[in-house]
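> Could you have a look at this structure, given as structure tokens, before my questions?
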């Protein structure tokens, strides 16, 4: 970040970890009220930060370094056998760019996804304002990538389009179609879009060793990890 784009950084109080509930977590957060936030967001992303709603943050926990920022180097990506099967299985789906805003159709899909994936976890009965505050920010360059089957919306990949790459913010999909591996497919569609735009990376947020919801990330060829301030080829 240049001097012209300086921004205040805050540290949160300790709170329950969203990945390992038995652990305590702490984040550093860029000033959400700063006018410089849209300008510094791309460089912050390259330094391991992540967007959630209007907050750009990075874990900084006292006793844990489990969260490893990862990204896919688009030119190096080649689908493996499982990913090729996933693509063939979903050849009947159409991809479209949707307005980055809540609609009854999107909110219904989001609500059903959370009820299936996070039952009784506090996220399974979202309000419309929960959708907005989690996925949207007035300043962010967000796009919604929709996947449809004969007109029916099956998945939405919330994606930030930045000069240095795409950031996969969040994906939600129809719980009745888990056999389609729509999460994996969404990442492949994001890679395709990044390639069309000439962007070098797709940022996938954090990888945590041993976390069952994170294993899929290490299956992507071209994966890189941020270690000690440098991006390097991924190694578990």
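The values are calculated or read from the model by the stated rules, or taken from the named source; none is laboratory data. All values reported here derive from a predicted model rather than from experimental measurement. All Cβ positions, glycine included, derive from the backbone under ideal geometry; neighbour counts span all protein chains shown.
> Mind checking whether some residue in segment 168-183 is touching a residue at least 60 places away in the same chain (Cβ under 8 Å), on the phi > 0 side of the Ramachandran plot and within 12 Å of the chain's Cα centre (by Cα)?
Checked against the condition, which is being touching a residue at least 60 places away in the same chain (Cβ under 8 Å), on the phi > 0 side of the Ramachandran plot and within 12 Å of the chain's Cα centre (by Cα), segment 168-183 yields no hits at all.
> Against the definition (closer than 21 Å to residue 42 by Cα and either in contact with a strand residue (DSSP E or B) (Cβ under 8 Å, 6 or more places away or on another chain) or free of Cβ contacts under 8 Å to residues at least 12 places away in the same chain (or both)), how does residue 206 come out, yes or no?
yes
> Here is a further query. Only one of these is over 20 Å from the mean Cα position of the chain (by Cα), touching a residue at least 40 places away in the same chain (Cβ under 8 Å) and either closer than 24 Å to residue 182 by Cα or in the same structural domain as residue 211 (by TED's automatic domain parsing) (or both): 89, 51. Name it.
None of the other options fit; the residue is 89.
> Looking at 148, 189, 195, can you tell me which residue is in contact with a strand residue (DSSP E or B) (Cβ under 8 Å, 6 or more places away or on another chain), in the same structural domain as residue 115 (by TED's automatic domain parsing) and not in a strand (DSSP E or B)?
That would be 189, the only listed residue that is in contact with a strand residue (DSSP E or B) (Cβ under 8 Å, 6 or more places away or on another chain), in the same structural domain as residue 115 (by TED's automatic domain parsing) and not in a strand (DSSP E or B).
> Something else now. Residue check, residue 112 against (1) in contact (Cβ under 8 Å) with a residue 12 or more places away in the chain; (2) more than 26 Å from residue 161 (Cβ to Cβ); (3) surrounded by fewer than 13 Cβ atoms within 10 Å (Cβ to Cβ), all met but one. Which one?
If we test residue 112 against (1) in contact (Cβ under 8 Å) with a residue 12 or more places away in the chain; (2) more than 26 Å from residue 161 (Cβ to Cβ); (3) surrounded by fewer than 13 Cβ atoms within 10 Å (Cβ to Cβ), just (3) comes out false.
> For segment 84-96, does any single residue satisfy the condition of being under 17 Å from residue 171 (Cα atoms) and surrounded by fewer than 13 Cβ atoms within 10 Å (Cβ to Cβ)?
yes
> Tell me the residue from 83, 60, 94 that is in contact with a strand residue (DSSP E or B) (Cβ under 7 Å, 6 or more places away or on another chain) and within 19 Å of residue 154 (Cα to Cα), please.
The conditions single out 94.
> Here is a further query. Just to verify a result, which residue in segment 62-79, among those that are surrounded by fewer than 16 Cβ atoms within 10 Å (Cβ to Cβ) and within 21 Å of the chain's Cα centre (by Cα), is modelled with the lowest pLDDT?
65
> Looking at segment 22-117, what helices (runs of 4 or more DSSP H) fall wholly within it and have at least 3 residues that are under 30 Å from residue 232 (Cβ atoms)?
Counting at least 3 such residues, we get 37-46, 81-89.
> A further question follows. Quickly run through segment 202-222 and pick out the residues that are under 19 Å from residue 160 (Cβ atoms) and out of contact with any helix residue (DSSP H, G or I) (no Cβ under 6 Å at 6 or more places or on another chain).
The answer is 205, 206, 217, 220.
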